[in-house]
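Data first, discussion second: the structure below is written as structure tokens.
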Amino acid sequence: DEDDLLASCYRRSLTVAAENGVQTLAFPATSTGIYGFPGDRAARIAVREVAAFLATHDEITQVRFVCFDAVTQGFYEGALAREAD
């Protein structure tokens, strides 16, 4: 399904980055533009997958989510707040 595909993209990107010694990484709001994936769902998936990866890998020290507008930023801020709870 679409959620699993997006989640696997994040997991694979993080794995490849760690394997190649990348310490900092930035992600756009993947699939939310022309592909029309719902921004709130995309943010929840992105934050969940990044948090899960970082919980068991210390190779990557910083991940940024790059948001192209205030609405998208709100989705990510909400997802990050829920993850922190």
Percent RCO, i.e. relative contact order, over the chain, from Cα pairs under 8 Å lying at least 6 residues apart: 38 percent
Percent carbon-and-sulfur accessible area, the chain, ignoring ligands, DNA and RNA, probe 1.4 Å: 53 percent
Scaled radius of gyration (Cα, divided by 2.2 N^0.38 Å) that the chain gives: 1.04
Residue-normalised accessible area of the chain, expressed per residue, 1.4 Å probe, Å²: 63 Å²
Point-to-point label distance, GLU77-ARG41, nm (Cα→Cβ direction, 7 Å offset): 2.4 nm
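The values are calculated or read from the model by the stated rules, or taken from the named source; none is laboratory data. The shown structure was predicted, so the numbers you read here are calculated from the model rather than taken from an experiment. Backbone-built Cβ (ideal geometry, glycine too); neighbour counts: all protein chains shown. Each accessible area value is taken on the protein alone, full model and side chains, heavy atoms only, with ligands, DNA and RNA left out. Shrake-Rupley method; radii C 1.70, N 1.55, O 1.52, S 1.80 Å.
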